[in-house]
Amino acid sequence: MNTVLCFGEILWDTFEDGKKAGGAPMNVAMHLKQQKVDVGFASSIGNDRSGDELIQFLKQNNLFSDSLIQRDDRYPTCEVTVELDEHQHATYIIPQPVSWDDIELSSFLEHAVVHASAVVFGSLACRSDVTRNTLLNLLDETNALKIFDVNLRAPHYTLSTIETLATKADVVKMNEDEAQLLIGGNNKDLKEVINEFRSKYHPQTICITRGENGAIVWHDNQFYESPGCAVEVGDTVGAGDSFLATFVAGLLSGKPMQQLIEHACAVGSFVASKRGANPPYDEQIRELLGL
């Protein structure tokens, strides 16, 4: 059985009308669960009321593990302010420091990563030395497929950290804006961007999402593209995370790449059409994925 370890932040996304549990690696884990993939989620949560509520959320969704979720006495549980523009595209105000800035290396994490088939990680939780060093140690200890979700959240990253994580990764997923930012030159064709990125960092697979315009993937020296699916946007929170989860599940199950990217775009579009990052799949999506 393929086991995926998702490592990084968990938080409350706070909207005008309430709050929802979030964080990119947690969202990826939630969608992998929906797709019947064996998944573990590793993070740190504050010893406070917000943290207790997140623990309860994880337990309700069968994602809680005493060994992988640390409780932090120094820093609070993260609560992010989400602002939606007129197109329902989200921006985030993220406090610092918070509990997931303080994920410590443990024998439990080492055991989990050694037995994982894939590890999913991002840049945000690596803004702190403690969590970044923990992740780098884990990546050095495993032969698992290493999947880097670039997921830039200004000002919470440095180019040097992005470069370090990219050189560790087998699979790199980013959106169009992130790709142009990392390679430079906003007028470059995405295939040119991908070729420059792979010549610099040497991953096995590069995936660039293009919002409503689908995605493009380089894999096994070939390009694959999907135009995406037009939907009325509810909000964009979690759409990229659901895309990545579907992409990871497809990679591990050996789906043909063209089918894989089309399925990932369909799930990402479905999530974008709903409010929140983790809506339950409807029958059409379940049938598409063979669930």
Quick test for you: out of LEU138, LEU145, LEU124, pick the one residue that is in contact (Cβ under 8 Å) with a residue 40 or more places away in the chain, more than 14 Å from PRO25 (Cα to Cα) and touching a Phe, Trp or Tyr at 6+ places or on another chain (Cβ under 8 Å). LEU138
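Here is a yes/no grid of residues against (1) within 18 Å of the chain's Cα centre (by Cα); (2) assigned to a strand (DSSP E or B):
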site: LYS33; (1), (2): yes, no
site: LYS36; (1), (2): yes, no
site: VAL39; (1), (2): yes, yes
site: GLU53; (1), (2): no, no
site: PHE57; (1), (2): no, no
site: ASN62; (1), (2): no, no
site: SER67; (1), (2): no, no
site: TYR75; (1), (2): no, no
Of the residues in the stretch 92-117, those that are of a type in the set (Phe, Trp, Tyr) and modelled with pLDDT of 95 or more come to TRP100, PHE108
Hey, GLY238 in contact with a Leu (Cβ under 7 Å, 6 or more places away or on another chain) and of a type in the set (Gly, Ala, Ser) or not: no
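Kindly indicate whether any position in the stretch 202-216 is outside any loop (DSSP other than H, G, I, E, B) and free of Cβ contacts under 8 Å to residues at least 12 places away in the same chain. Spell out the reasoning first.
Filtering the stretch 202-216 down to residues outside any loop (DSSP other than H, G, I, E, B) leaves 205-209, 211-213, 215-216.
Pick out the ones that are also free of Cβ contacts under 8 Å to residues at least 12 places away in the same chain and you get none.
No, the stretch 202-216 has no match at all.
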Step by step: first the residues of the stretch 107-136, then only those that are among the aliphatic types (A, V, I, L, M) and over 16 Å from the mean Cα position of the chain (by Cα), then the one that is nearest to VAL150 (Cα to Cα). Which residue is that? LEU136
Within the stretch 13-34, residues being crowded, with 22+ Cβ neighbours inside 10 Å and either at positive phi or in contact with a helix residue (DSSP H, G or I) (Cβ under 6 Å, 6 or more places away or on another chain) (or both) number 7
Qualifying positions in the stretch 219-243 - in a helix (DSSP H, G or I) and of a type in the set (Ser, Thr, Tyr): SER242
Looking only at the stretch 1-21, and only at residues there that are under 23 Å from HIS263 (Cβ atoms) and part of a strand (DSSP E or B), the one that is nearest to the chain's Cα centre (by Cα): CYS6
With the requirement that a residue be closer than 27 Å to SER273 by Cα and either β-branched (Val, Ile, Thr) or under 18 Å from the mean Cα position of the chain (by Cα) (or both), what does the stretch 199-218 give you? ILE206, CYS207, ILE208, THR209, ARG210, GLY211, GLY214, ALA215, ILE216, VAL217
If you take the residues of the stretch 242-269 that are under 16 Å from TRP218 (Cα atoms) and among the aliphatic types (A, V, I, L, M), which of them is nearest to the chain's Cα centre (by Cα)? LEU244
Test GLY234 against the criterion of being closer than 23 Å to LYS191 by Cβ and modelled with pLDDT under 95, and give yes or no. no
Check on SER242, touching a helix residue (DSSP H, G or I) at 6+ places or on another chain (Cβ under 7 Å), touching a residue at least 60 places away in the same chain (Cβ under 8 Å) and crowded, with 17+ Cβ neighbours inside 10 Å: yes
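The values are calculated or read from the model by the stated rules, or taken from the named source; none is laboratory data. The structure displayed is predicted, hence computed values, not measured ones. Cβ: placed from backbone, ideal geometry, glycine included. Neighbour counts: every protein chain shown.
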